[in-house]
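Structure first, commentary second.
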Amino acid sequence: GENVEQHPSTLSVQEGDSAVIKCTYSDSASNYFPWYKQELGKGPQLIIDIRSNVGEKKDQRIAVTLNKTAKHFSLHITETQPEDSAVYFCAAPNDYKLSFGAGTTVTVRA
Amino acid sequence: DAGITQSPRHKVTETGTPVTLRCHQTENHRYMYWYRQDPGHGLRLIHYSYGVKDTDKGEVSDGYSVSRSKTEDFLLTLESATSSQTSVYFCAISSGAPGETIYFGEGSWLTVV
């Protein structure tokens, strides 16, 4: 099955700076990589995803890049704001399911 | 937000008692999942369903059973709750191809004392 590793486990950034979270996966056949944001006391929310036929996808201040050769993908948040403080999870397909990274707690300092 | 309702949202129960968590969806999606979330472990799959009466085990299925008698409902049962099952439980549904575009409910906080 798919094994997903996520780094770092915690990330503290100054408001306005960028944040980058990296994930690696093991199954070279994986072709879909979503990112979820989880706020305190809530369920994970899908914020962006990328499929293997593209190398980068952007949505306002959020972007995801994919390197299939190296089997890693990254989440980039630019111009961070206090509302970006949350736990972020990456994931990759595992048969009919998703395997998740362990999560990154992002704290944006004012 | 995806139409997913979990109940109860919070429950405290005693060791050895049975507990059932319910997930109800209004999206008519084929796939439904139960995950648990614990510090340091992220989200781990307990069981999932790919249709009415069609279920399969995930990576942490011991001590749990599931049932799906209707498309919209997916039940998770702890036959005899243990303290190690204290966790946050999330139901999820899939809108697209298997394993893709999974949407989560708001979670059920379970404490076993």
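The values are calculated or read from the model by the stated rules, or taken from the named source; none is laboratory data. As the structure is a computational prediction, the values presented were derived from the model and not from experiment. Counting neighbours? That spans all protein chains shown, and the Cβs are built from the backbone with ideal geometry, glycine included.
The residues in the range A:64-106 that are farther than 23 Å from residue A:42 by Cβ, aliphatic (A, V, I, L, M) and outside any loop (DSSP other than H, G, I, E, B) can be counted, and the count is 1. Within this structure, residue B:69 passes the test of being farther than 21 Å from residue A:94 by Cα and either part of a strand (DSSP E or B) or aliphatic (A, V, I, L, M) (or both).
A single entry from A:75, A:11 fulfils the requirement of being crowded, with 21+ Cβ neighbours inside 10 Å and hydrophobic (A, V, I, L, M, F, W, C): A:75.
Do you know which of the residues in the range B:61-72 that are of a type outside the set (S, T, N, Q) and surrounded by fewer than 14 Cβ atoms within 10 Å (Cβ to Cβ) is farthest from the other protein chains (Cβ to nearest Cβ)? Only one residue fits best here, namely B:70. Residues of the range B:73-111 being surrounded by fewer than 20 Cβ atoms within 10 Å (Cβ to Cβ), farther than 18 Å from residue A:42 by Cα, more than 13 Å from the chain's Cα centre (by Cα) and at pLDDT 95 or above, which ones? Result: B:80, B:82, B:83, B:84.
Of all residues in the range B:6-52, those satisfying the criterion of being surrounded by fewer than 20 Cβ atoms within 10 Å (Cβ to Cβ), of a type in the set (Ser, Thr, Tyr) and either within 16 Å of residue B:106 (Cα to Cα) or more than 9 Å from every other protein chain (Cβ to nearest Cβ) (or both) are B:7, B:13, B:15, B:17, B:20, B:26. I'd like to verify a number: residues in the range B:1-40 that are part of a loop (DSSP other than H, G, I, E, B) and either at pLDDT 95 or above or farther than 15 Å from residue B:70 by Cα (or both), how many? Final tally of qualifying residues: 13. When the residues of the range A:67-94 are filtered to those that are facing another protein chain (nearest Cβ under 10 Å) and more than 11 Å from the chain's Cα centre (by Cα), which remaining residue is farthest from residue A:49 (Cα to Cα)? If we take residues in the range A:67-94 being facing another protein chain (nearest Cβ under 10 Å) and more than 11 Å from the chain's Cα centre (by Cα), then A:94 is farthest from residue A:49 (Cα to Cα). Would you confirm, using the coordinates I've provided, whether residue A:50 is closer than 19 Å to residue B:43 by Cα, part of a strand (DSSP E or B) and of a type in the set (Val, Ile, Thr)? No: the conditions fail for residue A:50. Given (1) of a type outside the set (Val, Ile, Thr); (2) within 12 Å of chain A (Cβ to nearest Cβ); (3) within 17 Å of residue B:27 (Cα to Cα), identify the lone condition not met by residue B:58. Among (1) of a type outside the set (Val, Ile, Thr); (2) within 12 Å of chain A (Cβ to nearest Cβ); (3) within 17 Å of residue B:27 (Cα to Cα), the lone unmet condition for residue B:58 is (3). Screening residue B:70 with (1) basic (Lys, Arg); (2) in contact with a Phe, Trp or Tyr (Cβ under 9 Å, 6 or more places away or on another chain); (3) touching a residue at least 12 places away in the same chain (Cβ under 8 Å) gives one miss only, at (2). Taking the range A:1-46 and the strands (runs of 3 or more DSSP E) fully enclosed by it, the elements with 3 or more residues that are closer than 22 Å to residue A:59 by Cα and within 11 Å of chain B (Cβ to nearest Cβ) are at A:32-38.
Quick one: how many residues across the range A:95-110 are at the interface with chain B (Cβ under 7 Å from one of its Cβ atoms) and closer than 15 Å to residue A:36 by Cβ? Residues flagged as at the interface with chain B (Cβ under 7 Å from one of its Cβ atoms) and closer than 15 Å to residue A:36 by Cβ within the range A:95-110 amount to 6.
Taking the criterion of being under 19 Å from residue B:24 (Cβ atoms) and more than 14 Å from chain A (Cβ to nearest Cβ), the residues of the range B:75-113 that qualify are B:75, B:76, B:77, B:78, B:110. Taken as a whole, the condition of being modelled with pLDDT under 95 and under 15 Å from residue B:90 (Cβ atoms) does not apply to residue B:51.
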